[in-house]
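Any read-out appearing in this document is the output of simple, stated calculations on the displayed coordinates, not a laboratory observation. All values derive from a computational prediction rather than experimental measurement. Glycine also receives a Cβ, built like all others from the backbone with ideal geometry; neighbour counts cover every protein chain displayed.
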Amino acid sequence: MDDEGWSALRDEMLSLFTPGAPIDEYALFAGRQPQIQKISDTVVSKGRHAVLFGERGVGKTSLASIFYLGFPETRPVVYVYVQCGSADTYQEIWQRALRRIVFTIDGKEFIAADLIRGAVTPDELEVVLANFASAHLPVIVFDEFDRIRDQPTKVMMSETIKHLSNSPTSCTIILVGVADNVTDIIAEHQSISRALVQIRMPRMHPDELKQIVTSRLRGTPLSVTDDALWRISYLASGLPFYAHALGQAAAITAIQRRKIQITEEIVNASIDNCFDDLDHTLIDAYVKAITETRKGNIFKHVLAACALAEQDELGRFSAASVEAPLSEIIGRPMKAPSFSFHLNELCNPERGTILAKTGSRSHYRFRFVQPMIQPFITMKSLSTGVMDDAVLARFAIERQRELSI
Ligand SMILES: Nc1ncnc2c1ncn2[C@@H]1O[C@H](COP(=O)(O)OP(=O)(O)OP(=O)(O)O)[C@@H](O)[C@H]1O
Ligand SMILES: [Mg+2]
């Protein structure tokens, strides 16, 4: 390949991997079959609406943006996407949705927002949304609904779902947000539990993460070894963002070296280049956390060990579960009392509030306030030599194996 060819390949890698943007093309979306099925079933069944929730960066917006692209042409989806902000109210988000809906009535086009008389209410919406043609499947997505601080908006949305599910409209509302459970997203969800389908987005399976990389290299001169693929998938810890960021950084490094095969060594060498699209608050928090106030402090070692500690299904870990990885990292036995000071400090703003502490005295548990920081800590700890590959292999790979079963 000549220089022009390599340069074109580099551009291709920059556009195929999208660490900075949700997926909007069906062919580039990996896995997630159960969630696609559940959300599609909700849209076609009458009187049902959905709430799609999960950790930050797990792929919620992407799923909400592509699930309907595989629908048959006989069921045309009318798709309306609204992004919510922290200061928004019920009126504002519905006006935003209605401005994006155009009805054709008796050959004339109308914007739905112009048909609303006075303020938007559940009843007014029922009347206006009845204008959708019966063959259509209208879907209105309210993304980042968790950010809305106004409580009455959440109550009104709950009322609206109840109202619309008892009405003849075929319109489906999908609320999307970062949350551990539905209660964090919508108020009084018990009263609409039959009408509201709950779809939790889990982290991605290692095979799905591998697919993100292999599907993008298919049809290009680049290939990736199994070891390299495995490494990308376990460093990504189930978060598609990292599969994109690391896959792209590794592809670019390979191209710079004029190699057509991405090897494990290339992946390792690209780690430091994959944080460009990462939320900077995470990087700032890490820098604060590891600041040396005294010579030889062990904050970065404790953090690396926390990232490898065994967690429960809510991402919580005990001080005792940090002992084994920390002992390996430091190279001598470390018992909880010798680092509980550090764990507590990491919960403070001066140390970036990286951890949160829950539970009672005899049963404290810690968790990462922003789960996205965990793979970052692992990668940073590797690239700065805080821990070596053997430690990672021992703890992370074991966990991945459990995940893959
Ligand atoms: N199924 C998938 N296949 C391939 N890439 C994906 C998939 N899901 C998500 N991604 C990628 O992962 C990253 C995060 O996706 P997305 O923005 O959809 O997540 P999110 O859960 O909406 O994030 P946030 O909580 O920040 O709103 C993006 O880079 C996106 O391209
Ligand atoms: Mg999103």
Environment charge of Ile148, counting only residues whose C-beta is closer than 14 Å and scoring Lys/Arg +1, Asp/Glu -1: -3
Karplus 3J(HN,Hα) series, Hz, for the range 132-143 with 6.51 cos²θ - 1.76 cosθ + 1.60 (x for Gly, Pro): 5, 5, 5, 6, 7, 10, x, 10, 10, 9, 10, 7
Partner lysines for Lys154 [C-alpha distance under 21 Å; skip if fewer than 8 residues away on the same chain]: Lys60, Lys162
Under-5 Å amide H pairs with Ile262, H placed in peptide plane, nonlocal only: Ser223, Val224, Thr225
Contour excess over end-to-end distance, with Cα ends at Asp123 and Ala336 and 0.36 nm allotted per residue: 70.8 nm
Antiparallel content of DSSP bridges confined to the range 55-170, in %, to 5: 35 percent
Order by protection proxy (mean Cβ within 10 Å, highest first), peptides 289-297, 233-241, 187-195: 233-241, 187-195, 289-297
Qualifying lysines (Cα of each under 26 Å from Cα of Lys357; at least 8 residues distant if same chain): Lys288, Lys300, Lys335, Lys380
Under the Karplus curve 6.51 cos²θ - 1.76 cosθ + 1.60, θ = phi - 60°, whole-Hz ³J(HN,Hα) for the range 267-283, x wherever Gly or Pro sits: 4, 4, 6, 9, 3, 5, 8, 9, 9, 4, 8, 6, 3, 5, 5, 5, 5
Neighbourhood charge, 12 Å Cβ-Cβ cut-off, centred on Ser40 and excluding it, Lys, Arg +1 and Asp, Glu -1: +3
Dipole of the chain [Lys/Arg +1, Asp/Glu -1 at C-beta], most positive-end residue of Ile66, Ile36, Met156: Met156
Cβ-derived FRET efficiency at R0 25 Å, Val155 paired with Val102, nearest 0.05: 0.25
Cα-derived Rg to Rh of the chain, Kirkwood definition: 1.03
R0 of 51 Å, Cβ-Cβ distance Glu188-Ser362: FRET efficiency to nearest 0.05: 0.90
Rounded if a/c under 1.5, otherwise prolate or oblate - the range 87-160, Cα gyration tensor axes: prolate
³J(HN,Hα), Karplus 6.51/-1.76/1.60, whole Hz, each residue of the range 202-212, x for Gly, Pro: x, 5, 7, 6, x, 5, 5, 5, 4, 4, 4
Amide H partners (placed H, <5 Å) of Val369, local residues excluded: Leu355, Ala356
Spin-label model distance (nm) - Gln37 vs Ser134, 7 Å beyond Cα toward Cβ: 3.1 nm
Under-5 Å amide H pairs with Thr172, H placed in peptide plane, nonlocal only: Val139, Ile140
Ile354, Ile252 arranged by Cβ crowding within 10 Å, fewest neighbours leading: Ile252, Ile354
Charge dipole (debye, nearest 20) of the chain; +1 at Cβ of Lys and Arg, -1 at Cβ of Asp and Glu: 960 debye
All aspartates and glutamates inside 12 Å of Lys210 as judged from Cα atoms, apart from same-chain residues fewer than 8 positions distant: Asp226, Asp227
The range 280-404: C-alpha gyration tensor shape, a/c 1.5 cut-off, then a/b vs b/c: rounded
Simple label model, 7 Å out from Cα along Cβ direction - Thr293 to His205, nm: 4.6 nm
Selected from Val302, Gly359, Val287, residue furthest toward positive end of dipole (the range 280-404; charges at beta carbon): Gly359
For the chain: relative contact order, % (alpha-carbon pairs under 8 angstrom, 6 or more apart): 17 percent
